[in-house]
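**Student:** Take this structure, written in C-alpha cells, and hold onto it; I'll ask about it next.
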Amino acid sequence: MSLADLETQLHPVFLSALAGDAAAYRVFLEAISVRLRGYLRHQLARAGRTEPSEVEDVLQETLLALHLSRHSYDPASPVTAWAHAIARYKLVDHLRRSGRHASNLSIDDEAYQLAAPDTVASDAGLDLTRALQSLPERTRKLIDQVKVQGCSVAEAASAAGMTETAAKVAIHRGLRAMARILTKRNAP
C-alpha cells in the first residue's frame, strides 16, 4: 500500500478513534504498527542492530508514546507523518540509551512523503527558523546540539562552558520561548 493510500485510510480512522471509537483505535494501531515495524526494522539495521526483539521494544515504546500524545495531534496534519516523527524520536532515544549515536540516521524520506504539501512544510520550517533565531545565540546552539544533532546535554553544556543543569534550564526556557512564538504566529 502506498503512503498516500495509507494516509487516506488512516486519517479518518484516527479521527474516529480520537472521538472515542475503540474499534477504530484498534484498527489504527494495527495498521500503523505494520508500517512502523518495517520502518524501525530498517533504521535499526542501518545502525547495525538486527535483533527482532529490539524492533519490538522500540515499537512498543512508540505505540505507548502515540497513545500518550494523541491529544497533541493536529487533525489538519497527516497522521502517518505524526506517527513516524514519534517513532523516530523513540528510535533516537533507544539508540542513545544503548550507547549508539543516532547522528548517522537520515531523516527518513518516507516521513517527508507523508508530510503536508511543500508550501505548508516550508512555511513551518521558516516559522521554526525564525523562532529559533529569536533566541540568544548560546541557547540556539544548545538546542541545535541536543535536539537536532543528538548530542547529550552534558556534551553540549561542556562545549558551551556551562554546567549541565544550566544547560538544561536554558534549553527548556528556549523551547518554551519558541513555543510561545509559534503559538502567536499560528493563532487565528
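**Student:** Does residue 138 fit the bill of being modelled with pLDDT under 90 and in a helix (DSSP H, G or I)?
**Tutor:** Against the criterion (modelled with pLDDT under 90 and in a helix (DSSP H, G or I)), residue 138 does not qualify.
**Student:** Does segment 10-27 include one or more residues that are of a type in the set (Val, Ile, Thr), at pLDDT 90 or above and surrounded by fewer than 16 Cβ atoms within 10 Å (Cβ to Cβ)?
**Tutor:** no
**Student:** Given the structure, is residue 57 farther than 24 Å from residue 4 by Cα, open to solvent by 20 Å² or more (accessible area, probe 1.4 Å) and assigned by TED's automatic domain parsing to the domain that holds residue 14?
**Tutor:** It is true that residue 57 is farther than 24 Å from residue 4 by Cα, open to solvent by 20 Å² or more (accessible area, probe 1.4 Å) and assigned by TED's automatic domain parsing to the domain that holds residue 14.
**Student:** Considering every residue within segment 44-51, establish whether at least one is modelled with pLDDT under 90, at negative phi, part of a helix (DSSP H, G or I) and within 19 Å of the chain's Cα centre (by Cα).
**Tutor:** Taking every residue of segment 44-51 in turn, at least one turns out to be modelled with pLDDT under 90, at negative phi, part of a helix (DSSP H, G or I) and within 19 Å of the chain's Cα centre (by Cα).
**Student:** Looking at 39, 25, can you tell me which residue is of a type in the set (Phe, Trp, Tyr), assigned by TED's automatic domain parsing to the domain that holds residue 89 and free of Cβ contacts under 8 Å to residues at least 12 places away in the same chain?
**Tutor:** Unique residue meeting the criteria: 25.
The values are calculated or read from the model by the stated rules, or taken from the named source; none is laboratory data. Values in this document were obtained by computation on a predicted structure and should not be read as measured data. Positions of Cβ are generated from backbone atoms using ideal geometry, with glycine treated the same way; all protein chains shown enter the neighbour counts. Each accessible area value is taken on the protein alone, full model and side chains, heavy atoms only, with ligands, DNA and RNA left out. Shrake-Rupley method; radii C 1.70, N 1.55, O 1.52, S 1.80 Å.
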